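Right, one structure below, let's go through it.
The values are calculated or read from the model by the stated rules, or taken from the named source; none is laboratory data. Just so it is clear, the model here is predicted, and its values are computed rather than measured. Ideal geometry is used to build each Cβ from the backbone, glycine not excepted, and the neighbour counts take in all protein chains shown. Just so you know, the surface numbers come from the protein's heavy atoms only, side chains and all, with ligands and any DNA or RNA stripped out. Shrake-Rupley method; radii C 1.70, N 1.55, O 1.52, S 1.80 Å.
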Amino acid sequence: MNDISRLAIDSKFVHHARYAPAEGNRALVSPIHQSVKYMPSSMAHLRSILTNRDKGYVYSRISNPTVRELEHLLADLQGRDDAIGTASGIAALTAVAMTFLSAGDRAVIFTESYKPTRFLLGNVLSRFGVETIRLRRDDYAQFESLCKSSHPPKLVFVESPTNPTLRIHDLEWLTKTARAASCLTVLDNTFAGFLAHGKFDIDIFVHSLTKLAGGHSDAMGGMIICRQELVDKISPVAITLGACLDPNSAWLILRGMKTYGLRLQAASKNAQDLASWLETQSWSQNVRYPSLKNHPDYALWQKQNSSNIGSGMTVVTFELTCKESSVDIFFDSLKLFSVAPSLGCVESLAAPCLLFFGDDLPPEEAKQAGITSKTVRLAIGIEDLNDLKNDLLAAFSAANV
Ligand code: PLP
């Protein structure tokens with residue numbers, strides 16, 4: 001302070017006094033560490049930071065205290081050693097793919113995957129000599145034969161429940177088959193959440209934090225969660241790709257996590273009740289929600305889903321029965337549901353599935369994956385259930401004239 005008071009004005013603009021709370025005088029809410037650079041306490045400290053993220057901070061693209069707080073929280077919830085925050089879910093998937101796939105390698109993906117993941121593997125990494133084999137969701141015979149071939153896949157990308165039709169993969173079988181072939185399993189666990197699937201032998205979990213983690217449609221982020229040995233391999237690639245999680249977004253997501261359980265409980269109850277109600281409506285058919293008894297994978301979902309927070313699922317998918325030419329009227333008539341991609345936020349969303357999730361697929365494959373021009377995906381929020389039902393009813397009667 002004394003030193004600063006002797007500085008010239010131009011220096012004072014830059015180097016003003018700091019007012020950190022006294023030791024023991026802790027902030028209840030962690031501050032946002034909105035600093036790109038950190039000063040080591042000594043050169044020896046600097047050397048230790050550069051080899052271990054938990055020894056301190058030097059540059060926010062490498063590590064940041066706010067981001068680190070979120071990384072540790074989510075690694076703990078998912079039941080793995082450590083985590084790497086990224087700018088978005090797709091940045092997390094890109095870092096994983098770029099770490100483990102080289103020219104000549106094979107990767108397996110199932111048709112029912114997030115569209116940009118299909119693009120990443122099929123259109124981007126293919127230009128670098130990676131061969132991506134896209135399998136029908138239930139083509140386990142082909143997956144097994146690839147694993148037993150002389151050229152087994154290096155990675156398999158899985159989502160469960162799948163988007164948008166919410167089918168469930170047999171994770172025990174998949175991980176066992178992949179492990180026997182030294183093929184890494186990457187589970188995009190965005191739909192199922194941090195409390196699900198930790199008990200399976202999954203190598204790498206990827207999450208989009210833009211969804212239920214943040215929960216309020218105001219922050220983007222991604223997370224890679226895995227054992228330490230894999231974190232150490234992915235980390236330099238993620239740092240170099242530069243799609244690091246911004247501390248401001250990390251802080252918003254940390255705040256979102258405080259109500260994660262409450263929001264999941266409320267939204268999944270709404271979703272479950274809405275799915276049951278949709279089953280009784282003449283204008284909706286083929287309702288897909290894994291906690292409904294007549295869902296084809298009901299038993300598997302019950303066995304695999306260990307989240308114990310409501311039904312654990314906030315998405316419902318169904319088919320409209322109206323004329324194809326009236327589908328746009330249905331979406332245009334929604335007032336409470338917003339027509340938007342994404343899920344897991346407090347407000348309810350409606351998505352035209354073919355447009356958002358399936359227009360890159362050959363029509364036959366889209367149909368096989370259960371995506372038609374009349375497929376609607378609802379991402380349910382925490383509004384009043386009757387208001388949601390009335391909105392859907394009004395939109396359908398507008399479309400059905
Ligand atoms: N994975 C799944 C299953 C998703 O639904 C999404 C986004 O919708 C992503 C990954 C990508 O996440 P982000 O939008 O944060 O990049």
note = Computed D for region 43-257, Stokes-Einstein, Kirkwood radius over alpha-carbon pairs, 37 °C, 0.692 mPa s, to the nearest µm² per second, is 188 µm²/s
inquiry  = If you average 1/r across every pair of different Cα atoms in the chain and take the reciprocal, what Kirkwood value do you get, in Å?
reply    = 22.7 Å
remark   = Carbon plus sulfur, as percent of the 1.4 Å-probe accessible area of region 43-257, comes to 54 percent
ask   = Label-point separation (nm) for residue 240 and residue 398, each offset 7 Å from Cα along Cα-to-Cβ?
value = 5.1 nm
query = Cα axis of helix 228-241 to longest principal axis of the chain: angle in degrees, 0 to 90, nearest 10?
reply = 80 degrees
note = Beyond 30 Å (Cα-Cα) in this structure, taken from 269/335; 233/303; 115/199; 211/374; 12/37; 176/233, we find 233/303
ask   = To the nearest 10 square angstrom, how much accessible area does residue 376 have with a 1.4 angstrom probe?
value = 0 Å²
message = With a 1.4 Å probe and all protein chains left in place, how much of the accessible area of region 260-399 comes from carbon and sulfur atoms, in whole percent?
response = 53 percent
Average accessible area per residue (Å²) across the chain - probe 1.4 Å, nucleic acids and ligands excluded = 46 Å²
request  = Please give the residues of region 211-235, grouped as numeric ranges, whose backbone N is less than 18 Å from a label point set 7 Å along the Cα-to-Cβ vector of residue 81.
outcome  = 224-235
key: Karplus 3J(HN,Hα) series, Hz, for region 50-58 with 6.51 cos²θ - 1.76 cosθ + 1.60 (x for Gly, Pro)   = 5, 10, 8, 4, 8, 8, x, 10, 9
query = What are the aspartates and glutamates whose alpha-carbon lies under 20 Å from the alpha-carbon of residue 389, with same-chain residues fewer than 8 places away excluded?
reply = 273, 279, 319, 328, 332, 347
Extension gain, residue 170 back to residue 136 (0.36 nm per residue minus Cα-Cα distance, nm) = 10.9 nm
request  = Pull up the DSSP beta bridges for region 183-250 and report the antiparallel fraction as a percent, rounded to 5.
outcome  = 60 percent
task = Work out how much length residue 180 to residue 280 would gain on full extension: take 0.36 nm times their residue separation and subtract the Cα-Cα distance, in nm to one decimal.
result = 31.5 nm
ask   = When all protein chains stay in place, what accessible area (Å², nearest 10, 1.4 Å probe) is found for residue 325?
value = 90 Å²
ask   = If you count the DSSP beta bridges with both ends in region 43-257, what percent of them are antiparallel, to the nearest 5?
value = 40 percent
task = Return the single residue from 21, 161, 236 with maximal mean-square fluctuation; model: Gaussian network over the chain, springs between Cα atoms under 10 Å.
result = 21
Principal-axis tilt of helix 247-258 within the chain, Cα atoms, nearest 10 degrees = 60 degrees
inquiry  = Quick check: with the 1.4 Å probe, what order do 257, 223, 98, 39 take by accessible area, largest first?
reply    = 39, 98, 257, 223
ask   = Quick one: length gained pulling residue 8 to residue 72 fully straight, 0.36 nm per residue minus the C-alpha distance?
value = 18.8 nm
query = At 222 nm, what helix-only mean residue ellipticity would the chain give, in deg cm²/dmol to the nearest 500, using -39500 (n - 2.57) for each DSSP H run of four or more?
reply = -11000 deg cm²/dmol
note = Heavy-atom accessible area of residue 131, protein chains in place, probe 1.4 angstrom, given in Å² to nearest 10, is 80 Å²
Accessible area in the full protein assembly, largest first, 1.4 Å probe, for 82, 246 = 246, 82
ask   = Restricting to the chain, what percent of DSSP beta bridges are antiparallel, rounded to 5?
value = 55 percent
request  = Choose one answer from 133, 49, 32: the residue with the largest mean-square fluctuation in a GNM of the chain with alpha-carbon springs under 10 Å.
outcome  = 49
